[in-house]
Amino acid sequence: MRRLISALALSSVLIALPALAQETAPTAATAPVAPASAPAPGPATLDALMTEFYAVISGEVGPRDWDRFNALFYPNATLMPTGRRRDGSVGARILNTAGYIAENSPFFAENGFFEREIGRSPVRSYGAVVQFQSVYEARHALSDDQPFLSGVNSITAFNDGKRWWLMTIAWTHASPDNPLPAEILYPATAVAP
């Protein structure tokens, strides 16, 4: 449990190094290959954005599709885990998607993780920006009777006129002294996986 919380508390930032230029003409093995089809457009609705967000981080033991994950976030978007530290104080960290990937890839390589939305607050909007809270729960396997983790994602999303983007996600896990907000949980009939 501590490892998951630590993994979700994201800290590392990956640094991409530019590829070295080839000095010879590309061969069939090194020539660029055109994609089979154009990339799919981003989520057209807020519901589609949230469905894709929870789906891309969920799965059996093994790697996630990090290109698909990154495609949900606006450039320089932030992820902010918050919660109680070991010394009892409460803190927050500000990270980017590379940090999430770096910290969570080892966890996903050893653990199944299935997270789903079980409630959502009313959406507040102004112009192209919306804010809302998304209540989540997580299981190691879809067959698990009870979630091992739950909490609330506070989300800011943005619509550029063509699609929805995640801008910020700040989250905290539920605990006995910080229970899930019952007023924004979906009815039990609406939360089947």
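Read-outs: derived from the displayed coordinates by stated rules, not from any lab. Being a predicted model, the structure only gives us computed values, none of them experimental.
Shape verdict for segment 103-186, please, from the Cα gyration tensor: rounded (a/c under 1.5), prolate (a/b greater than b/c) or oblate.
Verdict is oblate for segment 103-186.
Rounded, prolate or oblate: pick one for segment 30-178, where a ≥ b ≥ c are the square roots of the eigenvalues of its C-alpha gyration tensor, a/c under 1.5 means rounded, and failing that, prolate if a/b is larger than b/c, else oblate. It is oblate, given that a/c is not under 1.5 and a/b is not larger than b/c.
Length gain on complete extension for the stretch residue 154 to residue 87, per 0.36 nm per residue less the alpha carbon to alpha carbon distance? Walk me through the intermediate numbers first.
Working: separation 67, 0.36 × 67 = 24.12 nm, distance 2.45 nm.
Fully extending the segment from residue 154 to residue 87 adds 21.7 nm.
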